[in-house]
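What follows is one structure encoded as structure tokens, with my remarks underneath.
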Amino acid sequence: MKPTIPRSLEDAILASLNRRGRGCVVFGENFFSLASPEAVRQALSRLAHKGTLRRIATGLYHFPEINERLGGELPPSMETAARAIARRTGSRIVATGAQAANLLGLSTQVPAKPIYLTDGTSRRVAVGDYAVTFRHAGPRRMAIRHDISVLLFEALRYIGRANVDDQVVARLRDSLPPEAKAELRRDLSRASIWMRPIVRRVTE
């Protein structure tokens, strides 16, 4: 019987990345179960040198998607990068402002400097050519149980009461799945008074 030839650490990291899917953003410690921290750092450095990975911040790597039509790499999603950073610190985050509206399909604007509310520490992290800002929010805004509820309330706050028309309501009603609407109904009492009739219409 032929002895099993162990895969190299680079191969093991690549296998893990492929399971996560292209476009993922990871820290070195995501692979510390595979080898020592120093060995992992060296393997990631080699993969970055080959162009397989892109180092986008200290210890933070992007496994790029390829645009098949144009033949180039797509930049990392700020949302994906922000969530990777939050997982590392054990923090909860939620997009706010134009980013929240964009994620819900209510705006085509993609902010160059996205801001996320967090129950962790306020800070600014450079990611490639961009910067992600984490702004500590008080318990009232972060105590809302479901992320979709916080996201929708932040998007409505950004759009403004006067600009929430039938088209906005219809878009949300059509795009949100039943489970998201159920979560919004459960969090309705935590919405601002002026938002509650809007949320009721969205979840009908």
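Just from its helices, what would the mean residue ellipticity at 222 nm be for the chain, if runs of 4 or more DSSP H residues each count -39500 (n - 2.57) and the sum is divided by every residue, rounded to the nearest 500 deg cm²/dmol?
-12500 deg cm²/dmol
Read phi for every residue in region 120-128 and hand back ³J(HN,Hα) as whole Hz from Karplus 6.51 cos²θ - 1.76 cosθ + 1.60, θ = phi - 60°, with x for Gly and Pro.
With coefficients 6.51, -1.76 and 1.60, one gets x, 7, 5, 6, 10, 10, 6, 10, x Hz.
Placing unit charges on C-beta atoms (Lys and Arg positive, Asp and Glu negative, everything else neutral), compute the dipole magnitude of the chain about its Cα centre in debye, rounded to 20.
Magnitude of the dipole: close to 440 debye.
Just add up the charged neighbours of residue 61: K/R +1, D/E -1, any other residue whose Cβ is under 10 Å from the Cβ of residue 61.
Combined, the nearby Lys, Arg, Asp and Glu give +2.
Near residue 201, within a Cβ-to-Cβ distance under 13 Å, what is the net charge of the other residues, with Lys and Arg +1 and Asp and Glu -1?
+2
If you average the sequence gap of Cα pairs under 8 Å that are 6 or more apart and divide by the length of the chain, what percent do you get for the contact order?
Reported as a whole number, the value is 13 percent.
Got a sec? How would 52, 89, 108 order by Cβ neighbour count within 10 Å, fewest to most?
Numbers: 52 16, 89 13, 108 8.
Starting with the residue having the fewest Cβ neighbours, the order is 108, 89, 52.
Just report the Cα centroid separation between region 84-100 and region 135-176, whole Å.
Value for the Cα centre distance between the two parts: 15 Å.
Over the alpha-carbon set of region 9-73, divide Rg by the Kirkwood Rh and report the Rg/Rh ratio to two decimals.
On the way: Rg = 11.6 Å, Rh = 12.0 Å.
Over the Cα atoms of region 9-73, Rg/Rh equals 0.97.
For region 78-202, taking Cα atoms only, what is the radius of gyration to one decimal and the Dmax to the nearest whole Å?
So, for region 78-202, Rg and Dmax equal 14.4, 41 Å respectively.
Take the Cα pairs of region 55-109, get the Kirkwood Rh, then feed it into Stokes-Einstein at 10 °C and 1.306 mPa s and tell me D in µm²/s.
The calculation lands on 122 µm²/s.
Near the amide H of residue 56, under 5 Å away, which other amide H atoms are found, from residues 5 or more places off or on another chain, if H is placed in the peptide plane?
61, 62
Among bridges DSSP assigns within the chain, what percent are antiparallel (round to 5)?
80
Evaluate 2.2 N^0.38 Å with N set to the residue count of region 1-127, then give the Cα radius of gyration divided by it.
Normalised Rg, Cα atoms only: 1.22.
Mean-square fluctuation check for the chain, GNM, Cα pairs under 10 Å: which of 93, 66, 85 is largest?
Sorting by GNM fluctuation, first place goes to 66.
A short reminder: the numbers here are calculations on the coordinates, not readings from a lab. Keep in mind that this is a model prediction, so the values were computed, not measured. Note that we place each Cβ from the backbone using ideal geometry, even for glycine, and neighbour counts take in every protein chain shown.
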